[in-house]
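**Student:** Sharing a structure, written as structure tokens. Questions coming.
The values are calculated or read from the model by the stated rules, or taken from the named source; none is laboratory data. These figures come from a predicted structure and were not determined experimentally. Cβ: placed from backbone, ideal geometry, glycine included. Neighbour counts: every protein chain shown. In case anyone asks, the SASA skips ligands and DNA or RNA and just uses the protein heavy atoms, side chains included. Shrake-Rupley method; radii C 1.70, N 1.55, O 1.52, S 1.80 Å.
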Amino acid sequence: MTDRTEDPVALAQRLVAHDEMTHAYEAVVPGIIQTSLFTFPNFQEMADTYAGKRARNVYSRTTNPTVTEFERKMAALEGTEDAIGFPSGMAAISGAVLALVQPGDRIVCVRHVYPDAYRLFETLLKKWGVTTTYVDGADLAAVDAALPGARLLYLESPNSWMMEAHDVAALAALARKHGAISLIDNSWATPVFQRPATLGVDLVLHSASKYIGGHSDTVAGVVAGRLELTGLIRRTICPYIGAKLGPFEAWLLLRGLRTLPIRMKAHEASALTLARRLAEHPNVTKVHHPALMGALPPGLTGTSGLFSFTVDDGIDIPALCDALAFFHLGVSWGGHESLVVPALVTHVQAAGPNSALDFGVPATMIRLHVGLEGTEALWADLDQALTAAKR
Ligand SMILES: *Cc1c(COP(=O)(O)O)cnc(C)c1O
């Protein structure tokens, strides 16, 4: 385990450290090694590589220098031995989980996880005899009671829509006590505000499509953790499922990482201001923002730009969405743009066999991603839209 508080100089050094191979010609920006395969100079080198006597790039489904550079930076940021790039956050989640479970296994999962993670557990994994028990991550006694015999403890903190932030160190300790492997979706906080491996979590997952990329131009994912676990994923999932990050996407992510700490602080400041002002609005019934729902749990050192709120029946939600100018209607988040998603539309999506997904996310809930357009411009937009939407 690494220190809980990252030395800022060490962090900066790790972020600028780079691989000579991808910085040919002393280029300050790494090159994109856009190749599917790497050739061998002679028979012996090829034979030694295949015999495992030599580690080198062979084929980009396995390793690629641009991807490796991104993976090293992610491992450094998360304080883990290794990280693996995936072509989406869902590929990272499903890859990590599939590498670790067997038929008959049980997963303990906190409620209100990312909807497609929930659907993975309820559809594909169920088909292969893996069951999932859902628990309130704030109720440590309930998690302790659910864990005996479980193979995995799946966490997401803060969780989706409800924005409940959990005591990750305490949950990881419970998993260890019961011999379960812990995983956490850290997309919301990023390693800038939460480094779960330093809190005892075994595997850290990301949708890099969000803040890591940071520009709404890439779909990607990451799994970070100890070599013992990432090695298993590299051996069993990467070659056979074939879900590997491409060099161009890795290059975009490397560019995103350069501004990650600065962007996160700007998202945090604007979102906090908007959340506090919304809490004062007469038609807003509750703001679901971790900083407005009690003290932040140990290990969560800041908050990002994604939060939600509920309104009373004095507000026409479709009219509110349509009156917004800066906040565009759209899923995903983590880029420059501010976005809005009303629970009214996602509830339609959740109906049917997966309606258990609706663990109490109210239909009056609206999720915002606070982008980088500027706090006062965004507040003026929200304020005028709330006025326009009054019944
Ligand atoms: C978007 C998201 C994912 C899935 O990531 P993709 O890159 O879209 O596959 C997983 N977890 C959270 C919290 C997300 O917001």
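**Student:** Just how much of Val204 is accessible, in Å², when a 1.4 Å probe is used and the result is rounded to the nearest 10?
**Tutor:** Spelled out: Val204, probe radius 1.4 Å, area about 0 Å².
**Student:** Another question, then. Please give the direction-averaged projected area of the C-alpha convex hull for the chain, in square nanometres with one decimal.
**Tutor:** Working: hull surface 81.6 nm².
Seen from a random direction, the Cα hull of the chain projects 20.4 nm² on average.
**Student:** Give the accessible area for Val28 in Å² (nearest 10); use a 1.4 Å probe, count only protein heavy atoms, and leave out ligands, DNA and RNA.
**Tutor:** Near enough 110 Å² of accessible area.
**Student:** Who wins for biggest fluctuation among Ala377, Ala76, Ala47 in a Gaussian network model of the chain, springs between alpha carbons below 10 Å?
**Tutor:** Answer for the Gaussian network model of the chain: Ala47.
**Student:** A further question follows. Gaussian network model of the chain, Cα springs within a sub-10 Å range: biggest mean-square fluctuation belongs to which of Gln34, Gln102, Gln44?
**Tutor:** Checking each option, the largest mean-square fluctuation is seen for Gln44.
**Student:** Turning to a different aspect of this structure: Build a GNM of the chain with springs between Cα atoms under 10 Å: which of His288, His112, His178 gets the top mean-square fluctuation?
**Tutor:** Per the Cα network of the chain with a 10 Å cutoff, His178 tops the list.
**Student:** With the dipole of the chain worked out from charges on the C-beta (+1 for Lys and Arg, -1 for Asp and Glu) around the Cα centre, which of Gly334, Ser270, Ala51 lies farthest toward the positive end?
**Tutor:** After comparing all options, I get Ala51.
**Student:** For segment 8-257, with every protein chain kept in place, what is the accessible area per residue (1.4 Å probe, Å²)?
**Tutor:** Values: 10070 Å² over 250 residues.
Result: 40 Å² per residue.
**Student:** What is the sum of charges, Lys and Arg at +1 and Asp and Glu at -1, for the other residues whose Cβ falls under 11 Å from the Cβ of Ile184?
**Tutor:** After counting each charged neighbour, the total is -3.
**Student:** Within segment 8-257, what percent of beta bridges assigned by DSSP are antiparallel, to the nearest 5? Let's see the in-between values first.
**Tutor:** Numbers: 11 of 27 bridges.
Of the beta bridges lying entirely in segment 8-257, close to 40 percent run antiparallel.
**Student:** Let me ask something else about it. With contacts defined as alpha carbon pairs under 8 Å and 6 or more residues apart, what's the relative contact order of segment 260-388 in percent?
**Tutor:** Numbers: 192 pairs, mean separation 37.8, N = 129.
With pairs under 8 Å counted, the relative contact order is 29 percent.
**Student:** Give me the net charge of Arg277's neighbourhood, meaning all other residues with Cβ under 11 Å from the Cβ of Arg277; Lys, Arg count +1, Asp, Glu -1. Show your work: numbers first, answer last.
**Tutor:** Details: positive: Arg276; negative: Glu280, Glu376, Asp383.
Net charge around Arg277: -2.
**Student:** Could I ask something else about it? Please get the size of the charge dipole for the chain, origin at its Cα centre, with Cβ charges of +1 on Lys and Arg and -1 on Asp and Glu, quoted in debye to the nearest 20. Spell out each step's value before the answer.
**Tutor:** Numbers: 32 positive and 39 negative charges, 171 e Å.
Dipole magnitude for the chain comes out near 820 debye.
**Student:** Which one of Leu125, Leu100, Val110 has its Cα pushed farthest toward the positive end of the charge dipole of segment 96-139, where Lys and Arg give +1 and Asp and Glu give -1 at the Cβ?
**Tutor:** Selected residue: Leu125.
**Student:** Per residue, how much accessible area does segment 260-388 show when a 1.4 Å probe rolls over the protein heavy atoms, in square angstrom?
**Tutor:** On the way: 5290 Å² over 129 residues.
Averaged over the residues of segment 260-388, the accessible area is 41 Å².
**Student:** Let me check I've understood the local charge: for Gly89, count other residues with C-beta under 13 angstrom from its C-beta, Lys and Arg +1, Asp and Glu -1. What total comes out?
**Tutor:** Numbers: positive: Lys210; negative: Asp116, Glu156, Asp185, Glu249.
Residues near Gly89 contribute -3 overall.
**Student:** Another question, then. Leaving ligands, DNA and RNA out of it, rank Ile32, Ile262, Ile366 by accessible area with a 1.4 Å probe, largest first.
**Tutor:** Result, largest first: Ile262, Ile32, Ile366.
**Student:** Report in % the part of the accessible area of the chain that belongs to carbon and sulfur, leaving out ligands and nucleic acids; probe 1.4 Å.
**Tutor:** On the way: 9620 of 16580 Å².
That share works out to 58 percent.
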